[in-house]
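The values are calculated or read from the model by the stated rules, or taken from the named source; none is laboratory data. Keep in mind that this is a model prediction, so the values were computed, not measured. Cβ sites come from the backbone with ideal geometry, for glycine too, and all protein chains shown count toward neighbours.
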Amino acid sequence: MTGTGEGIRTTGAGPETPIRVLVCEDQALVRAGYVTIFSAQPDLEVVGEAADGRAAVEAAQRLRPDVVVMDVRMPLLDGIGATRLLAGPDVPDPVKVLVVTTFNLDAYVYEALRAGASGFLLKDSPPRDLVHGVRTVATGESLLAPAVTRRLVGRFADRILPGDAAPEPAAPPPLPDLAPRETEVLKLIAEGLSNAEIADRMFISRETVKTYVSRILTKLDLRDRVQAVVYAHRVGLVTVRG
């Protein structure tokens with residue numbers, strides 16, 4: 001599999017900087033597979049490995065990777081607990097975590113999001129999707145399939161973010177903190193669209209979408225796109241169908 005290099009970031013210092021990845025997985029064979037997949041990409045660099053949750057937290061705090069690929073079921077401390085320590089609501093300098101598990105259960109996804117994860121994938125996802133997931137999370141975008149997002153957030157939105165859930169109004173409510181175009185972008189984020197898809201839908205550039213997303217997160221005091229999705233569902237900007 002050949003990498004596209006699309007995840008490489010350019011810093012002001014000059015040379016291109018690869019995305020630094022920490023792999024946390026208790027099964028040695030699976031962990032070695034992840035390392036092989038990521039190391040084959042010119043835009044990814046594996047900076048460390050961990051075989052249990054406690055080691056994952058220590059390594060992430062010490063190495064400060066761009067993305068932590070975290071298994072759910074690990075000894076000493078499970079992946080959800082480790083994610084909470086690295087990216088939870090009380091963490092001042094959170095790390096981006098991509099949770100990977102064999103279990104496609106709403107409860108696992110919910111717990112991962114509540115713990116602060118930026119994305120969720122199944123272990124049987126093809127290598128291409130795993131690499132794409134790391135690149136996506138590294139850019140600050142959330143990674144949840146639209147169908148999963150709608151089903152999950154519809155069931156758990158009142159518990160993923162702190163505080164009482166807002167009652168769902170009959171029509172999308174006005175959001176006085178947001179400009180009309182920002183509200184439109186928030187709605188599209190909540191529907192599961194990527195920045196590129198939002199740009200195409202609204203006939204604007206991807207950079208403009210990024211600017212809108214940044215403003216939305218700042219104005220609503222939200223950490224990332226996952227919380228933005230939950231917020232939009234909680235206030236009734238979008239509703240779950242089916």
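Could you name every one of the helices (runs of 4 or more DSSP H) located completely within segment 176-223 that has at least 1 residues being closer than 15 Å to residue 139 by Cβ and out of contact with any helix residue (DSSP H, G or I) (no Cβ under 7 Å at 6 or more places or on another chain)?
By residue number, 195-202, 206-220.
Filter segment 58-71 for residues that are aliphatic (A, V, I, L, M) and surrounded by fewer than 23 Cβ atoms within 10 Å (Cβ to Cβ); which is farthest from residue 93 (Cα to Cα)?
59
I'd like to check something: does segment 49-66 contain any residue that is part of a strand (DSSP E or B), assigned by TED's automatic domain parsing to the domain that holds residue 102 and either modelled with pLDDT of 95 or more or not hydrophobic (A, V, I, L, M, F, W, C) (or both)?
Yes, that holds for at least one residue.
Using the structure shown, decide if residue 119 is at pLDDT below 90 and in contact with a helix residue (DSSP H, G or I) (Cβ under 8 Å, 6 or more places away or on another chain).
Answer is yes for this residue.
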